[in-house]
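Asks: Take this structure first; my questions come after.
Since every read-out is calculated from the coordinates, none of them should be taken as a lab result. In this text, all values refer to a predicted model and were calculated from it rather than measured experimentally. Heads up, the Cβs are rebuilt from the backbone with ideal geometry, glycines too, and the neighbour counts pull from every protein chain shown.
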Amino acid sequence: MERRVRDVEVPEALSALLLDVVLQSLGESKAEDLVRLDVTGRLDLVDYIVIASGSSVRHVSSIAERLAYNVKVNTGVNSRIEGLETGDWVLVDAGAVVVHVFRPEVRDFYNLDKLWSSSS
């Protein structure tokens, strides 16, 4: 089955593969406090939102860079990255899966976990 994400047909299998690659990469990078949110049908832009933490600016940036590389190698999808320069909050947009990687203090401040859990 296919679904439209950003006006592009995305096979359900690709969305699931992207999520698997993301979760595996985050695990290998020792990302902390992973939260996976299935927003299929609630948002037209993405199927999954993943939120994770890194222990420092360098760790957050490293997690995001490795994630984008692993997504490209394993799925062929080019990810867009925002916030890499500062490393406080990095967004990795892999199309059907969007990943937010935070330093713990920044994550607590913005509290996306609560925002998305309360909207479900």
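Asks: Roughly how tilted is helix 57-75, in degrees to the nearest 10 and between 0 and 90, from the longest Cα axis of the chain?
Replies: 20
Asks: What does the charge dipole of the range 2-118 about its Cα centre add up to, to the nearest 20 debye, if the Cβ of each Lys and Arg holds +1 and the Cβ of each Asp and Glu holds -1?
Replies: 120
Asks: Shifting gears a bit: Give me the angle, in degrees from 0 to 90, between the Cα long axis of helix 12-28 and the longest principal axis of the Cα atoms of the chain, rounded to the nearest 10.
Replies: The angle comes out near 20 degrees.
Asks: Also, I was wondering about something else. If you restrict to DSSP beta bridges whose two residues both lie in the chain, what percentage is antiparallel, to the nearest 5? Provide the component values of the computation, followed by the final result.
Replies: Details: 17 of 24 bridges.
Approximately 70 percent, going by the DSSP bridge assignments.
Asks: Another question, then. Pick the calculated Rg and Dmax of the Cα atoms in Å for this structure from [x] 13.5, 40; [y] 13.8, 43; [z] 18.2, 60?
Replies: Among [x] 13.5, 40; [y] 13.8, 43; [z] 18.2, 60, the one derived from this structure is [x].
Asks: Return a whole-number percent for the relative contact order of the range 36-120, with Cα pairs under 8 Å and 6 or more residues apart as the contact set.
Replies: 30
Asks: Further, regarding this structure: I want to check the label-to-label distance for residue 78 and residue 13. Put each point 7 Å from Cα in the C-beta direction and report it in nm to one decimal.
Replies: Distance between label points: 2.5 nm.
Asks: Find how much the distance from residue 91 to residue 40 grows on full extension, using 0.36 nm per residue of separation minus their present alpha carbon separation; answer in nm with one decimal.
Replies: 16.5 nm
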